[in-house]
């Protein structure tokens, strides 16, 4: 297990009596990328600014490379923390060339030229060394900002919504390129975003920050598949819920029986969280459910369906299945993985059961 490059303990920062970051505990192992996901105003940028040294915490501790840089007794200024920063606006120096921007943070004059050449080659911009920032595209500016951050030999690189000013296609391409560069160089990074898809792609691990509080941290797969609360499941997007009654045979729902057991007595009612790709659908003239809408998405089709109770659910199907509104259908849960269950908004421990034979 790698040693932590960055540790935050009980980190707290308030502005005008409002907590922007509240009692946050984080540990980022060397060489890993931690994606920090949260809505606007959740404290993501404040957290990065605390780690960088642009803000001083009210309480808590920050350690970088196992050295304290912020605590009740210590405050190390930004220039001595060995932290690289990639800003949303790129923040390149307009009067400096690409090469001079990259060279800015390199302390050792003896190998400055070689290091600039190395990092420009790493980001694929060696032919643009003599250009100025106003002569670059958005993607090129982003890569210069990353090269500048890496060239200073930081312990950790902080990226604050670095792709938000790029168009959709370039954004996808840049996140692939930046992640590859970070992994090739073994760089520890904290990557802040409000984009769920971006966080899931970029992070070796993912932390969800809301209202200044760290709500959940884990692998992207674990956080997405098993949100710790109902509200977090809603925030992560596209979550739907259906009532389930606890029985000895599993959870009985309007979408059939789910072969899962929770630590509640029979007869208890829980909420089962699912997404459209967890719902199987088949045409059935005798079916009690009705297709309300068919939404074609290219490779897939999303069906909006009304259940006998009047509840509306969605089912994601291959584009080859074509059912028009008004069609009668049969639906059932077929997730191929445990589905999260909630009682009073909190996640319950799930125990899988042997599936039923049809």
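What follows is calculated from the coordinates using simple rules that are stated; it is not laboratory data. What you are looking at is a predicted structure, and each value in this text was computed from that prediction instead of being measured. For neighbour counting, all protein chains shown are included, and Cβ atoms are generated from backbone atoms with ideal geometry for every residue, glycine included.
Points worth noting:
- If the chain linking residue 16 and residue 112 were pulled fully straight, counting 0.36 nm for each residue of separation and taking away their Cα-Cα distance, it would gain 30.2 nm.
- Per residue of the chain, the DSSP helices (runs of n ≥ 4 H) give a summed -39500 (n - 2.57) that works out to -6000 deg cm²/dmol at 222 nm.
- Long-range tail of P(r) for the range 78-209 (Cα pairs > 21 Å, %): 37 percent
- Between residue 286 and residue 30, the modelled label-to-label distance comes to 6.6 nm, taking each label 7 Å out from Cα in the direction of the beta carbon.
- Solvent-free Debye scattering, log10 I(q)/I(0), computed from the Cα coordinates of the chain at q = 0.10, 0.12 Å⁻¹: -0.75, -0.94
- Calculated on the alpha-carbon coordinates, the convex hull of the range 235-336 measures out at 115 cubic angstrom per residue.
- By average C-beta atoms within 10 angstrom, highest first, the peptides 6-14, 189-197: 189-197, 6-14
- 10 Å binning of all Cα-Cα separations within the range 184-305, expressed as whole percents from 0 upward: 10, 31, 31, 21, 6, 1
- An ellipsoid equivalent to the range 65-138, defined through the eigenvalues of its Cα gyration tensor, has semi-axes of 29, 16, 10 Å when rounded to whole angstrom and sorted largest first.
- Length-normalised contact order of the range 203-358 in % [C-alpha pairs under 8 Å, at least 6 apart]: 24 percent
- A viscosity of 1.306 mPa s and a temperature of 10 °C, combined with the Kirkwood radius over Cα pairs in Stokes-Einstein, give a translational diffusion coefficient for the range 5-69 of 131 µm²/s.
- Acute angle (nearest 10 degrees) that the helix 112-122 long axis makes with the longest principal axis of the chain, alpha-carbon atoms: 20 degrees
- Estimated FRET transfer efficiency when R0 is 25 angstrom, pair residue 306-residue 344 (beta carbons, to 0.05): 0.35
- Folded to 0 to 90 degrees: helix 168-184 orientation relative to the chain principal axis, Cα: 70 degrees
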